[in-house]
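> The structure under discussion is supplied below as structure tokens; questions concerning it will follow.
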Amino acid sequence: MPDTATHKSDLLSDYLSREELAEELGVTVRTIANWQHFRVGPPFCRVGQRVLFLRADVADWIKSTKTEPLGYKAR
């Protein structure tokens, strides 16, 4: 039987914890917590005490932060 402390179930395989998200984005867990507090980061789910981020939501959020330089014309 897999170690549940390090193994994610199939149900949670598309989700990231705060720690995992921080590592993926290269920011601190505190930054993630601040984003949650000020509601400026990616959407999240609460499951009991756990906070989880759906990978697709994080990708959509990253895309939504895109800024085009002045004078940029899309082709």
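> Explain nothing, just the number: relative contact order of the stretch 13-64, from Cα pairs under 8 Å at least 6 residues apart, as a whole percent.
Worked out over the stretch 13-64, it gives 40 percent.
> Here is a follow-up. Which net charge results for the neighbourhood of A56, defined as the other residues with beta-carbon distances under 11 angstrom from its beta-carbon, given Lys and Arg at +1 and Asp and Glu at -1?
Local charge sum for A56: -1.
> When Lys and Arg each count +1 and Asp and Glu each count -1, what net charge do the other residues less than 9 Å away from P43, Cβ to Cβ, add up to?
Here the charged neighbours net out to -2.
> In deg cm²/dmol and to the nearest 500, what is the mean residue ellipticity at 222 nm of the chain if only DSSP H runs of at least 4 residues count, each as -39500 (n - 2.57), divided by the residue total?
Helix-only estimate at 222 nm: -10500 deg cm²/dmol.
> On a full-extension model of 0.36 nm per residue, what is the gain between F38 and L12, subtracting their alpha-carbon distance, rounded to one decimal in nm?
My answer for the length gained is 6.8 nm.
> From zero up to wherever the largest Cα-Cα distance of the chain sits, split into 5 Å bins and tell me the percent of pairs in each.
The percentages, shortest bin first, are 3, 13, 22, 23, 13, 10, 7, 4, 2, 1, 1, 0.
No lab work stands behind these numbers, since they all come straight from the coordinates. Keep in mind the model is a prediction, meaning the values are calculated, not measured. Note that we place each Cβ from the backbone using ideal geometry, even for glycine, and neighbour counts take in every protein chain shown.
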